[in-house]
Amino acid sequence: ICHKEMGLVSQVFDEDILGHLKGHMAIGHTRYSTTGSSVLYNAQPIVVETPFGPIAVAHNGNIVNTGALREELERDGIKFKSTNDSEVIAQLIATYHKGDIVRAVREAMADVRGAYTVLVLTPHQILGFRDPNGIRPLCLATVNGSGTVFSSETCALNVIGAKLVREIEPGELVVVDAEGIT
């Protein structure tokens with residue numbers, strides 16, 4: 001399920017909307033697009049289909065080779081629905097996805113240049129990764145001792161009662177699934 005709107009979090013996610021969002025995993029984003037205009041079709045998370053199910057991507061940062069990556073993907077037949085760099089990341093991961101999402105993310109990370117943190121939601125896991133230079137922050141936390149949270153800012157952890165575990169290292173990829181954290 002993907003729900004996104006323009007506006008303040010309290011306007012976009014009222015009690016009625018929250019009541020309809022069921023599940024045990026989620027990703028979200030509250031920042032305007034840095035590439036492309038600030039309109040609904042550029043709002044995150046970006047959802048793309050793969051032969052292995054949908055993936056949703058939320059990204060914080062600036063990709064310096066977005067244009068070249070987008071042109072290459074378009075030459076390969078990819079049709080974009082937005083004008084933002086987050087969809088470029090999502091489509092790149094989807095293109096590399098041949099049944100192993102971790103490998104697909106690693107291959108995409110090798111192609112993407114810039115300062116970024118990214119979360120990828122699949123039907124069974126959440127992957128969090130950070131650019132090799134560690135320019136954009138990403139941290140890992142726990143909630144109630146068993147839930148796992150990623151956040152680009154540690155100040156957000158206090159709002160939900162989460163406890164900081166550690167910062168994700170530059171270039172690191174962390175996977176959270178039913179087996180735990182790897």
For this session: Using the structure shown, decide if GLY171 is touching a residue at least 24 places away in the same chain (Cβ under 8 Å) and small (Gly, Ala, Ser).
Result: yes
Exercise. When you scan segment 125-172, how many residues do you find that are farther than 20 Å from ALA56 by Cβ and of a type in the set (S, T, N, Q)?
Worked result: 6
Exercise. Does at least one position in segment 98-117 carry a residue that is open to solvent by 10 Å² or more (accessible area, probe 1.4 Å), touching a Leu at 6+ places or on another chain (Cβ under 6 Å) and over 20 Å from PRO170 (Cβ atoms)?
Worked result: no
Problem set entry | Of all residues making up segment 145-182, the number that are within 20 Å of ALA115 (Cα to Cα) and either over 17 Å from the mean Cα position of the chain (by Cα) or hydroxyl-bearing (Ser, Thr, Tyr) (or both) | 4
Exercise. Do you know which residues across segment 90-113 are assigned to a helix (DSSP H, G or I) and hydrophobic (A, V, I, L, M, F, W, C)?
Worked result: ALA90, LEU92, ILE93, ALA94, ILE101, VAL102, ALA104, VAL105, ALA108, MET109, ALA110
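The values are calculated or read from the model by the stated rules, or taken from the named source; none is laboratory data. This structure is a prediction, so every number in the text was calculated from the model and none was measured. No Cβ is skipped: glycine too gets one built from the backbone with ideal geometry, and neighbour counts run over all protein chains shown. For accessibility, only protein heavy atoms count, side chains too; no ligands or nucleic acids. Shrake-Rupley method; radii C 1.70, N 1.55, O 1.52, S 1.80 Å.
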